[in-house]
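Here the structure comes first, spelled out in structure tokens, and everything after it is commentary.
The values are calculated or read from the model by the stated rules, or taken from the named source; none is laboratory data. For clarity, every value in this text was computed on a predicted model and none was experimentally measured. For neighbour counting, all protein chains shown are included, and Cβ atoms are generated from backbone atoms with ideal geometry for every residue, glycine included.
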Amino acid sequence: MDRCVVLVDAGYLLGAAASLLAGEPARSRITVDHAALIQGLRERAEADTQQPLLRIYWFDGAPDRVPQPEHRRLRVMPRVTVRLGALTRSDGRWAQKGVDAAMHAELTELARNRACSDVVLVTGDGDLLPGLMSAKEHGVAVHLWAVQAADGDYNQSEDLVAEADERRVLDRAWITKAVRAKEIGGICAPPPVPRPEIAAILSAPLPEAALAASAERASEAQAAARNGAQATAEQDSGPPPGPGHRGVPTPKDLAALRGPGSQATQHPGPAAPANATLRWSSDKGWVERGGPLGEPAETASLPTLAQLTSAEQRWADREEDITTVGGDPFEVGQVFARRWMERLPETVHLQKLSTMYPRIPHRIDGELLRYAARFGLLAHKDDQIDEHDRYAIRAGFWREIDVRAAAEHVPLAE
């Protein structure tokens with residue numbers, strides 16, 4: 001058949017690109033525009049082989065072979081087939097298992113069935129040498145592509161390079177059309193753009209009751225230290241917060257808050273006011289802690305996105321997540337907020353939410369973070385979303401709320 005096939009070892013391609021652009025092979029250091037990358041591979045393959053493309057096979061690893069967000073986006077693209085091996089963690093590092101074997105099997109099967117006249121291999125692993133030789137014996141021309149090495153040397157098996165019919169290098173100019181470094185240390189990283197929304201959330205004043213509870217705890221800790229605690233414990237407790245101090249309240253502090261217009265209890269503790277609530281999120285849903293405490297009326301009346309979403313909208317959301325949403329934390333927060341606002345039956349809910357800035361009600365915040373987890377923001381972080389990512393997710397949420405509220409003349413709380 002006079003057509004070409006591209007076999008991509010994603011671990012090699014993206015790892016080498018990260019080394020080139022960010023100085024280390026960690027794929028978390030780069031941002032990839034997969035649509036642009038696939039289009040670039042297709043155009044380059046058809047130009048080099050002078051044959052139309054049959055298909056691009058994307059080989060990658062995934063924990064338990066469960067497709068990650070990037071894999072779900074890739075496998076719905078035209079002429080792209082995703083093949084997943086296992087991704088295992090050993091000594092703090094991730095390693096692919098079964099990817100080379102899958103590439104070898106696909107290469108030899110394509111050649112044996114005469115499914116194509118040319119095969120483009122984007123890999124550097126010498127384990128593919130037997131498959132490459134077998135393909136040549138079946139009359140297939142093998143084109144081997146390398147990613148430009150960061151140190152100017154080879155990043156491919158010498159035997160693999162020697163056996164290929166044609167060799168090409170994907171240089172920095174080609175790579176940066178679809179890949180960029182995330183951090184300022186990356187060669188092609190743009191200057192960071194300040195996000196005042198994140199700073200606003202970090203610096204927003206906390207409820208007076210929470211501050212009072214934090215100050216009281218600090219004072220109690222100091223008293224215990226003076227009464228015989230060790231010197232190290234005394235240093236850890238530090239001085240009590242001043243009037244302008246903005247500490248971070250614990251869940252116990254937040255549980256001691258009264259509703260709007262009420263004063264906090266003088267000694268917050270297990271005896272929380274009747275309309276306070278302490279809720280923890282888990283994989284089993286929301287779990288009540290500390291007794292049958294009711295949820296504040298202003299929070300309970302706000303509908304969640306799940307309650308506002310029909311089955312048809314849920315399907316459309318899934319398609320948009322796969323094909324359009326890139327997974328940047330700030331963008332994820334914006335998408336979630338946009339959907340929530342578009343489906344609100346009454347603008348009074350938007351007005352009510354706006355008065356709570358910068359705190360997102362627990363039910364909606366938990367749903368927001370679970371939605372963000374679908375985009376791989378938990379990957380390689382011990383199943384926890386990074387603190388900065390959480391701020392970015394919530395900042396994106398509030399930015400979208402702010403835009404809509406401004407359009408409807410709904411002021412955000414100061």
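Worth a mention:
- Matching residues in the range 122-153 - criterion: being over 29 Å from the mean Cα position of the chain (by Cα), assigned to a loop (DSSP other than H, G, I, E, B) and in contact (Cβ under 8 Å) with a residue 12 or more places away in the chain: HIS138, GLY139, VAL140
- Every residue from the range 351-376 that is surrounded by 18 or more Cβ atoms within 10 Å (Cβ to Cβ) and part of a helix (DSSP H, G or I): LEU353, SER354, HIS362, ARG363, ILE364, GLY366, GLU367, LEU368, LEU369, TYR371, ALA372
- Residues in the range 175-184 include at least one that is in a helix (DSSP H, G or I) and modelled with pLDDT of 85 or more.
- Filtering ALA17, ALA22, ALA111 for residues that are over 30 Å from ASP317 (Cβ atoms), surrounded by 20 or more Cβ atoms within 10 Å (Cβ to Cβ), free of Cβ contacts under 8 Å to residues at least 40 places away in the same chain and touching a helix residue (DSSP H, G or I) at 6+ places or on another chain (Cβ under 6 Å) leaves a single hit, ALA111.
- Selection status of GLY11, crowded, with 18+ Cβ neighbours inside 10 Å, in a helix (DSSP H, G or I) and free of Cβ contacts under 8 Å to residues at least 40 places away in the same chain: no
- The requirement of being within 26 Å of GLY326 (Cβ to Cβ) and more than 27 Å from the chain's Cα centre (by Cα) is satisfied by LEU53.
- Test result for VAL119, surrounded by 23 or more Cβ atoms within 10 Å (Cβ to Cβ) and modelled with pLDDT of 95 or more: yes
- Residues that are assigned to a helix (DSSP H, G or I), touching a helix residue (DSSP H, G or I) at 6+ places or on another chain (Cβ under 9 Å) and at pLDDT below 80 within the range 293-320 comprise GLU298, THR299, ALA300, listed in sequence order.
- Checked against the criterion of being assigned by TED's automatic domain parsing to the domain that holds ASP9, in contact with a helix residue (DSSP H, G or I) (Cβ under 7 Å, 6 or more places away or on another chain), among the aliphatic types (A, V, I, L, M) and surrounded by fewer than 17 Cβ atoms within 10 Å (Cβ to Cβ), the candidates ALA135, ALA101, ALA86, ALA47 yield just one match: ALA86.
- All of (1) in contact with a Pro (Cβ under 8 Å, 6 or more places away or on another chain); (2) among the β-branched types (Val, Ile, Thr); (3) surrounded by fewer than 16 Cβ atoms within 10 Å (Cβ to Cβ) hold for VAL76 with one exception: (1).
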